[in-house]
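The next block holds one structure in the form of structure tokens; read it before the comments.
The values are calculated or read from the model by the stated rules, or taken from the named source; none is laboratory data. What you see is a predicted model, and the numbers here were worked out from it, not measured in a lab. Backbone-built Cβ (ideal geometry, glycine too); neighbour counts: all protein chains shown. Please note that ligands, DNA and RNA were not included when accessible areas were found on the heavy atoms of the full protein model with its side chains. Shrake-Rupley method; radii C 1.70, N 1.55, O 1.52, S 1.80 Å.
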Amino acid sequence: MSYVFCNQCGHRNPPNSSFCSSCGAVLDLPDERTIVIAMVDPMQDLPGASDNATIRLGDVGGHGVLVVRSGEMTGSRFTLNKDLTQIGRHSESDILFDDITVSRRHAEIVKTSNSLIIRDLGSLNGTYVNQSRVDEFAIKHGDEIQVGKYRMVFFSKADILS
């Protein structure tokens, strides 16, 4: 399912929506969207880190982009260019989260012929997609991925335009 995000409030709406189901704002064309991802919980963020994360969908490249939406790394972007992307606390990870809530080799994202699969690698705290713990899951545009204390939103131009 390809989600449509509201430019006003960042709410995730069903595909083909014309208006935001949360605030009623008009939703625009996919390539013209700049999405603002509101902070999950301002109390979790560092003092002074009050900016929301933003991404222009026309700038999404590779297999997709993960945008961190909570913690001290809010707004960090990770473009998924490789067929295998490793996530963890290990220094050789493609996406490095230096925090005790993340296992050294926590998860991986694998590009298959028709999708991107996220796999938990036996992590202690688990890997979550849309707040459900998963061992393996085919991620789509708009899915929220949680690794340790880090929440990320996945953006895929291919899912938006299909």
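Modelled spin-label separation between R105 and K82, with each label point placed 7 Å from Cα along the Cα-to-Cβ direction: 1.3 nm. These residues, L124, L27, go from largest to smallest accessible area, 1.4 Å probe, as L124, L27.
Of the peptides 64-70, 12-18, how do they stack up when ordered by the mean number of other Cβ atoms within 10 Å, highest first?
Numbers: 64-70: 21.9, 12-18: 13.4.
The densest-packed peptide leads the list: 64-70, 12-18.
In order along segment 123-135, phi translates into HN-Hα couplings of 5, 5, 8, x, 10, 10, 10, 6, 6, 10, 5, 10, 9 Hz, rounded to whole numbers, per the Karplus curve 6.51 cos²θ - 1.76 cosθ + 1.60 with θ = phi - 60° and x for Gly and Pro. Taking each residue as 0.36 nm, the span from Q131 to C9 lengthens on full extension beyond its C-alpha to C-alpha distance by 41.9 nm.
Mind listing the long-range amide H neighbours of T127? Cut-off is under 5 Å, sequence gap 5 or more, other chains count too, H placed in the peptide plane at 1.01 Å from N. Residues meeting the criterion, in which the H sits 1.01 Å from N, are V134.
Amide H contacts of F5 (H built 1.01 Å from N, in plane; Pro and chain starts excluded): N13 sit under 5 Å, all sequence-distant by 5 or more or on other chains. The H on the amide N of F19, modeled in the peptide plane, is under 5 Å from the matching H of L27, each at least 5 residues off or on a different chain. In order along segment 87-103, the Karplus-derived 3J(HN,Hα) couplings, from 6.51 cos²θ - 1.76 cosθ + 1.60 at θ = phi - 60°, round to 10, x, 9, 5, 4, 8, 5, 5, 10, 9, 10, 8, 8, 5, 6, 10, 6 Hz, and Gly and Pro are given as x.
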